[in-house]
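What follows is a short report on a single structure.
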Amino acid sequence: MGVGISDWRLARAVSLRGQLGVVSGTALDTVMVRRLQDGDAGGHMRRVMTAFPLPRIAEDVLRLYFRPDGRPPGTPYKMLPVYKQTMSLARQLVTVLAAFVEVYLAKEGHQGMVGMNLLTKVQIPTLPSLYGAMLAGTDVILMGAGIPREIPAALDHLARHEAASLRFEVEGLPSGREEHLTFDPKGFWSATPPELHRPLFLAIIASNSLATMLARKASGRVDGFVIEGPTAGGHNAPPRGEPRFNERGEPVYGERDVVDLAKMAELGLPFWLAGGTGRQGRLQEALAAGASGIQVGTLFAYCDESGLARDLKRSVLEHAARGEVTVLTDPRASPTGYPFKVVSWPGAPGGDVERERLCDLGGLRVAYWTPEGKIGYRCAGEPVDAYVRKGGKIEDTVGRRCLCNALTADLGLGQLRTNGQVEPPLLTSGDDLERIGEFLAGRAHYSAGDVLDCLTAITATSS
């Protein structure tokens with residue numbers, strides 16, 4: 001769920017109840033160093049860093065980023081170097097450490113299952129993130145927002161501490177040329193590295209054709225699928241066929257976008273349903289349709305244990321209880337070009353603010369081949385002149401927003417800008433948010449346990 005919303009506290013709470021708790025792996029390195037700069041409330045980051053099997057790395061990160069008393073007023077966060085195809089060993093290890101810390105905390109003190117979700121579209125940190133999660137004993141890796149065909153083989157290699165690589169997507173690459181992202185953990189260890197197990201791999205898909213291709217032609221074992229419909233939060237798969245839009249400017253989905261569950265069953269792999277599943281009775285409906293269960297995001301995003309800033313939770317739930325929250329599938333908001341769910345409500349922070357166009361975190365940057373025969377990077381959310389100067393089309397910049405910074409601000413970790421303003425948040429949720437008042441039933445807040453009680457309850461119609 002976004003950046004840090006499904007954090008270790010939420011994943012742990014779900015796992016303790018016997019379900020699969022999943023941490024978001026997106027931008028974890030930025031989240032970690034900002035938590036440290038804010039004083040590491042509770043000391044959780046520092047405690048777990050002592051368990052990292054490469055202690056020198058943890059010591060270096062603490063020396064560079066930890067502030068015992070937090071940041072002084074008016075002090076911006078110290079930034080990590082932006083991702084590039086070739087990163088220094090130290091930079092890669094920050095990503096490894098961040099993934100390790102989050103998964104370790106989620107698994108600490110119990111035997112429940114914990115997974116990590118990563119975006120295929122965000123390529124460069126994928127391999128070090130996988131390795132860090134595996135060092136902490138992650139049980140499952142989930143990946144969507146693209147075609148994660150090469151991930152199974154990468155997991156196989158990393159489980160043996162071997163070099164792994166992914167084909168690097170570069171726009172305008174000359175015919176016949178390939179670029180790769182490579183991660184080799186062998187150089188990290190002076191002694192025998194710890195034994196790792198290969199986690200299960202679940203691909204997040206939105207079509208039968210993608211599921212079939214991955215089941216038959218992925219680079220290794222695919223263990224199942226999460227079928228995510230267009231009512232889910234975050235990025236949605238674009239509609240198939242000629243683009244059509246409704247009166248609100250949202251893309252229109254049709255029959256071609258509905259996954260045939262009977263055909264999914266023929267693949268012989270388990271699958272879970274996601275998007276619109278956060279209601280009582282949906283679990284029983286999914287099981288009756290042949291699914292192994294459901295994946296739920298929106299209800300958990302606003303529970304007590306989620307990483308969403310408390311003031312945002314409170315504001316959204318107060319307005320949602322009165323039916324004053326809207327979820328728009330915005331075809332332009334994300335620099336990726338994928339439709340993206342955006343939440344709005346009266347008085348939403350940043351709702352009336354014109355966001356500064358910039359790209360200083362770089363998670364959604366696209367690599368491109370320059371006229372000089374090198375790899376450059378651009379983002380449709382960066383300043384228009386810079387994007388066009390790099391060969392981008394000006395029409396691609398219309399309506400784009402810097403999701404990396406906006407979603408990080410949802411955690412209360414927004415960057416302080418040169419104009420003295422803090423980066424405003426931007427919330428994303430599934431369509432179920434508009435009906436969350438039914439679940440609240442007069443409550444001002446609720447726990448992850450309350451969500452699980454609702455989802456697993458046997459309804460009168462399904463008993």
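Looking for something of a type in the set (Phe, Trp, Tyr) and surrounded by fewer than 19 Cβ atoms within 10 Å (Cβ to Cβ) - is there at least one such residue anywhere in the range 34-53? Write out each step before concluding.
Going through the range 34-53, the residues of a type in the set (Phe, Trp, Tyr) turn out to be 52.
Still in the running and surrounded by fewer than 19 Cβ atoms within 10 Å (Cβ to Cβ): none.
Among the residues of the range 34-53, not one is of a type in the set (Phe, Trp, Tyr) and surrounded by fewer than 19 Cβ atoms within 10 Å (Cβ to Cβ), which makes the answer no.
Would you check which residues across the range 201-218 are touching a helix residue (DSSP H, G or I) at 6+ places or on another chain (Cβ under 9 Å) and either surrounded by fewer than 22 Cβ atoms within 10 Å (Cβ to Cβ) or on the phi > 0 side of the Ramachandran plot (or both) and list them?
207, 208, 212, 218
Restricting to the range 412-423, name every residue that is closer than 19 Å to residue 344 by Cβ and either under 19 Å from the mean Cα position of the chain (by Cα) or assigned to a strand (DSSP E or B) (or both). Steps first, please.
As a first pass, look at the range 412-423 and keep what is closer than 19 Å to residue 344 by Cβ: 414, 423.
Listed by number, the list holds a single entry, 414.
Can you tell me which condition residue 316 does not meet? The list is (1) assigned to a helix (DSSP H, G or I); (2) over 20 Å from residue 231 (Cβ atoms), and all the others hold.
Result: residue 316 fails condition (2) only.
Which of the residues that make up the range 277-295 are of a type in the set (S, T, N, Q) and part of a loop (DSSP other than H, G, I, E, B)? Lay out the reasoning, then the answer.
The first filter runs over the range 277-295 and keeps only residues of a type in the set (S, T, N, Q), leaving 277, 280, 284, 292, 295.
Residues satisfying the conditions are 277, 280, 292.
Looking only at residues that are closer than 13 Å to residue 268 by Cα and either buried (at least 24 other Cβ atoms within 10 Å of the Cβ) or β-branched (Val, Ile, Thr) (or both) in the range 219-230, which one is nearest to the chain's Cα centre (by Cα)?
Top of the filtered list is 225.
Looking for whichever is more than 26 Å from residue 190 (Cβ to Cβ) and among the β-branched types (Val, Ile, Thr) here; the options are 50, 26. Which one fits?
On the way: 50 fails: more than 26 Å from residue 190 (Cβ to Cβ).
Residue meeting the stated conditions: 26.
Determine if the range 237-248 includes at least one residue that is closer than 24 Å to residue 136 by Cα and loosely packed, with under 14 Cβ neighbours inside 10 Å.
No - not one qualifying residue is present in the range 237-248.
I need every pair where a residue in the range 240-256 that is under 13 Å from residue 332 (Cα atoms) and aromatic (Phe, Trp, Tyr) has its Cβ under 9 Å from the Cβ of a residue that is at pLDDT 90 or above and surrounded by 13 or more Cβ atoms within 10 Å (Cβ to Cβ), sequence separation at least 6 or different chains.
Going by the 9 Å Cβ cut-off, the qualifying pairs are 245/251; 245/252; 245/331.
For the subset of the range 124-157 comprising residues that are closer than 20 Å to residue 94 by Cβ and without any contact (Cβ under 8 Å) to a residue 40 or more places away in the chain, which member is surrounded by the fewest Cβ atoms within 10 Å (Cβ to Cβ)?
Taking the candidates together, the pick is 136.
Of all the residues that make up the range 188-230, how many are assigned to a strand (DSSP E or B) and within 27 Å of residue 162 (Cβ to Cβ)? Write out each step before concluding.
So the first thing to find is which residues in the range 188-230 are assigned to a strand (DSSP E or B), and the list is 200-205, 224-228.
This time we only want the ones that are within 27 Å of residue 162 (Cβ to Cβ), so: 200-204, 224-225.
Matching residues across the range 188-230 total 7.
Please state which one of 233, 290 is crowded, with 21+ Cβ neighbours inside 10 Å and either touching a residue at least 12 places away in the same chain (Cβ under 8 Å) or closer than 20 Å to residue 20 by Cβ (or both). Steps first, answer last, please.
Details: 290 fails: crowded, with 21+ Cβ neighbours inside 10 Å.
Sole residue among the options that is crowded, with 21+ Cβ neighbours inside 10 Å and either touching a residue at least 12 places away in the same chain (Cβ under 8 Å) or closer than 20 Å to residue 20 by Cβ (or both): 233.
Taking the range 79-110 on its own, how many of its residues are of a type in the set (S, T, N, Q) and modelled with pLDDT of 95 or more? Steps first, answer last, please.
Here is the first cut: in the range 79-110, the ones of a type in the set (S, T, N, Q) are 85-86, 88, 92, 95.
From what's left, modelled with pLDDT of 95 or more: 95.
Count: 1.
Might you check whether a residue that is of a type in the set (Lys, Arg), in contact (Cβ under 8 Å) with a residue 60 or more places away in the chain, more than 27 Å from residue 168 (Cβ to Cβ) and assigned to a loop (DSSP other than H, G, I, E, B) occurs anywhere in the range 363-376? Walk me through it before giving the result.
Going through the range 363-376, the residues of a type in the set (Lys, Arg) turn out to be 365, 374.
Checking which are in contact (Cβ under 8 Å) with a residue 60 or more places away in the chain leaves us with 365.
If we keep only those that are more than 27 Å from residue 168 (Cβ to Cβ) too, we end up with none.
Scanning the range 363-376, I find no residue that is of a type in the set (Lys, Arg), in contact (Cβ under 8 Å) with a residue 60 or more places away in the chain, more than 27 Å from residue 168 (Cβ to Cβ) and assigned to a loop (DSSP other than H, G, I, E, B), so the answer is no.
Given the conditions (1) surrounded by 11 or more Cβ atoms within 10 Å (Cβ to Cβ); (2) charged (D, E, K, R); (3) in a helix (DSSP H, G or I), which single one is not true for residue 67?
All conditions pass for residue 67, except number (3).
Looking only at the range 105-123, which residues are under 18 Å from the mean Cα position of the chain (by Cα) and touching a residue at least 60 places away in the same chain (Cβ under 8 Å)? Working first, answer last.
Quick first cut of the range 105-123, residues under 18 Å from the mean Cα position of the chain (by Cα) only: 105-106, 114-123.
105, 106, 114, 115, 116, 117, 118, 119, 121, 122 - these are the residues of the range 105-123 that are under 18 Å from the mean Cα position of the chain (by Cα) and touching a residue at least 60 places away in the same chain (Cβ under 8 Å).
Which residue pairs have Cβ atoms under 6 Å apart, sit 6 or more places apart or on different chains, and have a first residue in the range 324-344 that is in a loop (DSSP other than H, G, I, E, B) and a second that is among the hydroxyl-bearing types (Ser, Thr, Tyr)?
Correct list of pairs: 339/329.
Before we move on, is residue 298 out of contact with any strand residue (DSSP E or B) (no Cβ under 6 Å at 6 or more places or on another chain), at negative phi and crowded, with 21+ Cβ neighbours inside 10 Å? I'd like the intermediate steps shown before the answer.
Working: out of contact with any strand residue (DSSP E or B) (no Cβ under 6 Å at 6 or more places or on another chain): yes; at negative phi: yes; crowded, with 21+ Cβ neighbours inside 10 Å: yes.
The answer is yes for residue 298.
Looking for something more than 20 Å from residue 81 (Cβ to Cβ), assigned to a helix (DSSP H, G or I) and acidic (Asp, Glu) - is there at least one such residue anywhere in the range 379-389?
yes
Hey, among the residues in the range 243-276 that are in contact with a helix residue (DSSP H, G or I) (Cβ under 7 Å, 6 or more places away or on another chain) and in a loop (DSSP other than H, G, I, E, B), which one's farthest from residue 456 (Cα to Cα)? Reasoning before the result, please.
First, the residues of the range 243-276 that are in contact with a helix residue (DSSP H, G or I) (Cβ under 7 Å, 6 or more places away or on another chain): 259-260, 263-264, 267, 269, 271, 273, 276.
Pick out the ones that are also in a loop (DSSP other than H, G, I, E, B) and you get 259-260, 267, 269, 276.
On the way: 259: 24, 260: 25, 267: 27, 269: 23, 276: 15 Å.
So, considering only residues that are in contact with a helix residue (DSSP H, G or I) (Cβ under 7 Å, 6 or more places away or on another chain) and in a loop (DSSP other than H, G, I, E, B), the one farthest from residue 456 (Cα to Cα) is 267.
I need a count of the residues in the range 301-327 that are buried (at least 17 other Cβ atoms within 10 Å of the Cβ) and of a type outside the set (Ser, Thr, Tyr).
Here is the first cut: in the range 301-327, the ones buried (at least 17 other Cβ atoms within 10 Å of the Cβ) are 301-303, 305-309, 312-313, 315-317, 319-321, 325, 327.
Of the ones still in play, those that are also of a type outside the set (Ser, Thr, Tyr) are 301, 303, 305, 307-309, 312-313, 316-317, 319-321, 325, 327.
Total satisfying the criteria: 15.
Can you pull out the residues in the range 157-202 that are closer than 20 Å to residue 115 by Cα and over 22 Å from the mean Cα position of the chain (by Cα)?
157, 159, 160, 161, 194, 195, 196, 197
The values are calculated or read from the model by the stated rules, or taken from the named source; none is laboratory data. Treat the numbers as computed from the prediction; the structure is a model and nothing was measured. Cβ atoms come from the backbone with ideal geometry, glycine included; neighbour counts cover every protein chain shown.
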